[in-house]
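Below: one structure, written as structure tokens.
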Amino acid sequence: MKVNKKNRRTIWIDPQDPHIVRVFDQRLLPWKIVEEPLCRPEDAIRAIREMYVRGAGLIGATAGYGMYLATLAAPVNDDAGFMNYMQGYAEELNAARPTARNLKWAIDRMLAAIRPAVGAKEKQQAARQAAGEIADEDADFCRRIGLHGRELIRAISEKKKGERVNILTHCNAGWLAFVDYGSATAPIYAARDAGIDLHVYVDETRPWNQGARLTAWELQQEEIPCTLICDNTGGHLMQRGMVDMVIVGSDRTTHTGDVANKIGTYLKALAARDNNIPFYVALPSSTIDWEMDSGSQIPIEKRSPEEVTSVMGVDSASRIQTLRIAAEGTEALNYSFDVTPARLVSALITERGVTAADQESIHALFGR
Ligand code: MRU
């Protein structure tokens, strides 16, 4: 998708030096566009833990490239030592953030690609190729999510006789959360490309403000009409008939259809149900947890209370500042995700098509 009118991806190998992976430092967006080099395996862990990169798909892609960087640092002269190093690194990487399913999914896929290769050189090549495939597949799956989701938007547009379709989204399940296109935003981009008139309400998404800082910025870069709203505004807009549909992303979806997504998603799903508004969740299959039967089992990340008691922004001189917004010593609780039960989800939009959020339908779609 576009940054200053140029098509970019969120992660890439440095064209000058294949031992360096580059990402945008998303902590600084939209105020500063900084390309952060990941040179050592621990850089990938830090980038995920400290949210230089975030969002399910990009966490998975960064894990893939982190494993590639680890093959460059592993001991080269014995295969067993090499794999021991990789296993140890994989465990550390997996602990970087707990909720997004794509992290473990990518690590397992990388280990499976590296294991059969013989010798350090071959293992490094296998890792580079597998990491590239994870990234390319993520982009392709999101593109396909866009085509399936576009038809849902088209149906609403036709019902409204071409009048503008208003979509509400929460957090950032845009291209910045993936390698390209995004999950929740892909249908929006595809519908815009098909000439459908639409507009997006963007939840600010406290405490980290992924909506205000990232989604609103990326939609503006793509010239999609959008309006930023406080997290508490969505229900009111729904009651007033100002929202036609909700599309959100997912960090982990159980194979029974429960959805973990950014904190506050559940409240939007409740409001959507009360107002008879369709609530869609867009996700690539890499986000589906085939072992977990219930959303109550999903590990929910708890982050620093300081994210709640402070807020980051720029001052009038464009300097990035962090301000405390609560009295010193105020206790705060910072759950990063919540679970929306399958019964509140109108449908899941996946790379294979649109499906009801229940075990039978999900398994049928993926042939399991
Ligand atoms: O904490 P983050 O920014 O990594 O959270 C991820 C998200 O942006 C959202 O939960 C998103 O809606 C789903 S991830 C595609």
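What's the total number of residues in the stretch 241-256 that are away from the ligand (no atom under 16 Å from the Cβ) and either outside any loop (DSSP other than H, G, I, E, B) or buried (at least 22 other Cβ atoms within 10 Å of the Cβ) (or both)? Let's see the steps before the verdict.
Restricting attention to the stretch 241-256, the residues satisfying the condition of being away from the ligand (no atom under 16 Å from the Cβ) are 241-244, 255-256.
Filter once more, keeping what is either outside any loop (DSSP other than H, G, I, E, B) or buried (at least 22 other Cβ atoms within 10 Å of the Cβ) (or both): 243.
Here the count works out to 1.
Just to verify a result, which residue in the stretch 257-267, among those that are within 11 Å of the ligand (Cβ to nearest atom) and buried (at least 24 other Cβ atoms within 10 Å of the Cβ), is nearest to Trp208 (Cα to Cα)? Explain how you work it out, then say what you get.
As a first pass, look at the stretch 257-267 and keep what is within 11 Å of the ligand (Cβ to nearest atom): 259-265.
Then drop every residue that is not buried (at least 24 other Cβ atoms within 10 Å of the Cβ), which leaves 259-262, 265.
Values: Val259: 20, Ala260: 17, Asn261: 14, Lys262: 10, Thr265: 14 Å.
This residue is Lys262.
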So which residues in the stretch 141-158 are within 16 Å of the ligand (Cβ to nearest atom) and charged (D, E, K, R), if there are any at all? Arg143, Arg144
Could you tell me whether any residue of the stretch 333-352 is among the aliphatic types (A, V, I, L, M), within 12 Å of the ligand (Cβ to nearest atom) and in contact (Cβ under 8 Å) with a residue 40 or more places away in the chain? yes
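What do you reckon, is Arg54 of a type in the set (D, E, K, R) and touching a residue at least 60 places away in the same chain (Cβ under 8 Å)? Talk me through it step by step, then tell me what you get.
Working: of a type in the set (D, E, K, R): yes; touching a residue at least 60 places away in the same chain (Cβ under 8 Å): yes.
Yes.
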May I ask you to say which residue of Ile298, Ile277 is within 16 Å of the ligand (Cβ to nearest atom) and touching a strand residue (DSSP E or B) at 6+ places or on another chain (Cβ under 8 Å)? Ile298
Subset of the stretch 304-322, residues free of Cβ contacts under 8 Å to residues at least 40 places away in the same chain and either over 27 Å from the mean Cα position of the chain (by Cα) or in the same structural domain as Ile33 (by TED's automatic domain parsing) (or both), comes to Asp315, Ser316, Ala317, Arg319
Filtered residues of the stretch 159-202 (kept if of a type outside the set (Val, Ile, Thr), near the ligand (Cβ under 10 Å from one of its atoms) and part of a loop (DSSP other than H, G, I, E, B)): His170, Cys171, Asn172, Ala173, Gly174, Phe178, Gly182, Ser183, Ala184
Check whether at least one residue in the stretch 127-138 is in contact (Cβ under 8 Å) with a residue 12 or more places away in the chain and in a loop (DSSP other than H, G, I, E, B), and report yes or no. no
Cβ-Cβ under 6 Å pairs, at least 6 apart or on other chains, the stretch 168-189 side farther than 14 Å from Arg213 by Cα, far side at pLDDT 95 or above and charged (D, E, K, R): Phe178/Asp138; Val179/Arg9; Val179/Asp138; Asp180/Arg9; Tyr181/Arg143; Pro187/Arg150
So which residues in the stretch 1-26 are of a type in the set (D, E, K, R) and touching a strand residue (DSSP E or B) at 6+ places or on another chain (Cβ under 8 Å)? Arg8, Asp14, Arg22, Asp25
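Out of curiosity, is His236 closer than 15 Å to Lys268 by Cα and more than 16 Å from the ligand (Cβ to nearest atom)?
On the way: closer than 15 Å to Lys268 by Cα: yes; more than 16 Å from the ligand (Cβ to nearest atom): yes.
Yes.
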Out of curiosity, is Gly88 closer than 14 Å to Arg128 by Cα and either of a type in the set (Gly, Ala, Ser) or surrounded by fewer than 15 Cβ atoms within 10 Å (Cβ to Cβ) (or both)? no
Among all residue pairs at least 6 apart or on different chains, which show Cβ distances below 8 Å where the first residue, located in the stretch 1-15, is among the aromatic types (Phe, Trp, Tyr) and the second is assigned to a strand (DSSP E or B)? Trp12/Val21; Trp12/Arg22
Could you pull out every one of the strands (runs of 3 or more DSSP E) wholly within the stretch 1-64 that has 2 or more residues that are within 16 Å of the ligand (Cβ to nearest atom), modelled with pLDDT of 95 or more and not assigned by TED's automatic domain parsing to the domain that holds Ile107? none
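Residue by residue, here is whether (1) of a type outside the set (Lys, Arg); (2) in contact with an Asp or Glu (Cβ under 6 Å, 6 or more places away or on another chain); (3) part of a loop (DSSP other than H, G, I, E, B); (4) modelled with pLDDT under 95 holds:
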| site | (1), (2), (3), (4) |
| --- | --- |
| Glu223 | yes, no, yes, no |
| Asp231 | yes, yes, yes, no |
| Tyr266 | yes, yes, no, no |
| Ala272 | yes, no, no, no |
| Tyr280 | yes, no, no, no |
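For the subset of the stretch 300-318 comprising residues that are outside any helix (DSSP H, G or I) and in contact with a Phe, Trp or Tyr (Cβ under 9 Å, 6 or more places away or on another chain), which member is farthest from Leu267 (Cα to Cα)? Outline the logic, then answer.
First, pick out the residues of the stretch 300-318 that are outside any helix (DSSP H, G or I): 300-305, 310-318.
Still in the list and also in contact with a Phe, Trp or Tyr (Cβ under 9 Å, 6 or more places away or on another chain): 300-303, 312-314, 318.
Details: Ile300: 16, Glu301: 18, Lys302: 18, Arg303: 20, Met312: 24, Gly313: 26, Val314: 29, Ser318: 34 Å.
Ranking the qualifying residues of the stretch 300-318, first place goes to Ser318.
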Within the bounds of the stretch 89-105, is there any residue that is away from the ligand (no atom under 11 Å from the Cβ), β-branched (Val, Ile, Thr) and at pLDDT 95 or above? no
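The values are calculated or read from the model by the stated rules, or taken from the named source; none is laboratory data. Only a predicted model underlies this, so the values are computations on that prediction, with no experimental measurement involved. Reconstructed Cβ throughout: ideal geometry from the backbone, glycine too, with neighbour counts over all protein chains shown.
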